[in-house]
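Accompanying notes for the structure given below.
Only the coordinates and a few stated rules stand behind these numbers; no lab work does. In this text, all values refer to a predicted model and were calculated from it rather than measured experimentally. Cβ: placed from backbone, ideal geometry, glycine included. Neighbour counts: every protein chain shown.
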Ligand code: IPE
Ligand code: IPE
Ligand code: MG
């Protein structure tokens, strides 16, 4: 089985997972965080160098204030709890998204977790919170202007170097759970040649076997990158 260098996952279906059980949506999000823990273990054991998980999009602020507040509280709690796991597995933590638009406490916790895990030697775990690909591209374009680049200096590399994924390889495999077949503003630039794997499994039910099945499927794809 060939191991992709970068696996990105759109973790979708927490709300529906709770709904079919007659539970509040937040219970689905809690179950979703447990799935994150299992996938972190499996992905790092499989030797995947980069794992990007989409947790909260720039569009998710449109949700009811109560759900947003509960998600932020859950995030804050887990950012603190993740420390031990990340140390044990030597996983580096990296946030993707616009940190300045996040509550101050979360900004501090994110920076602290990045600092504490910066020297780790294993997988890099990119957590996308307040992430939107279009917003990322706008930031990159503005950075090109602020850096005083001339038009001919605005190359693909120049843009890539100003994305939040600077230095991270393109996505090889994009997984989306819950039966939706859309990208929802996730890593548009980085997924230019990604292989897509869509599954009906709801995120809280997505476990190690499901990840291995996606990797098996990925191994059988013939990637041509526009060549022959
Ligand atoms: C994904 O689950 C988590 C977030 C987007 C925060 P959803 O909350 O989108 O769950 P569904 O799609 O409503 O089932
Ligand atoms: C995508 O899920 C965003 C995350 C998983 C964080 P959504 O549930 O927000 O996406 P749509 O609205 O179905 O496209
Ligand atoms: Mg959803």
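Shown for 54, 193: other C-beta atoms within 10 Å of each C-beta, ranked fewest to most, produce the order 193, 54.
For the chain, what does the helix formula give at 222 nm: sum of -39500 (n - 2.57) over DSSP H segments with n ≥ 4, over the residue count, nearest 500 deg cm²/dmol?
Details: 7 runs with 97 residues, N = 228.
The helix-only estimate for the chain comes to -13500 deg cm²/dmol at 222 nm.
Convex hull volume of the C-alpha atoms in the chain, normalised per residue: 134 Å³. The Cα center of the range 1-61 and the Cα center of the range 91-158 differ in position by 20 Å. Each of 92, 182 was scored by other Cβ atoms within 10 Å of its Cβ. Arranged with the fewest first, they read 182, 92. Take every DSSP beta bridge whose two residues both sit in the chain; close to 0 percent of them are antiparallel. The Kirkwood hydrodynamic radius of the range 66-197, based on inverse pair distances between different Cα atoms, is 16.5 Å.
What whole-number volume per residue, in cubic angstrom, does the convex hull of the C-alpha atoms of the range 1-77 give? It comes to 109 Å³ per residue, whole-number rounded.
Counting every C-alpha pair in the range 1-44, the share spaced more than 12 angstrom apart comes to 65%.
In terms of surrounding Cβ atoms within a 10 Å radius of their Cβ, 187, 53, 71 rank from fewest to most as 71, 53, 187.
Taking the alpha carbon gyration tensor of the range 138-224, multiplying each eigenvalue by 5 and rooting it gives semi-axes of 33, 14, 10 Å, largest first.
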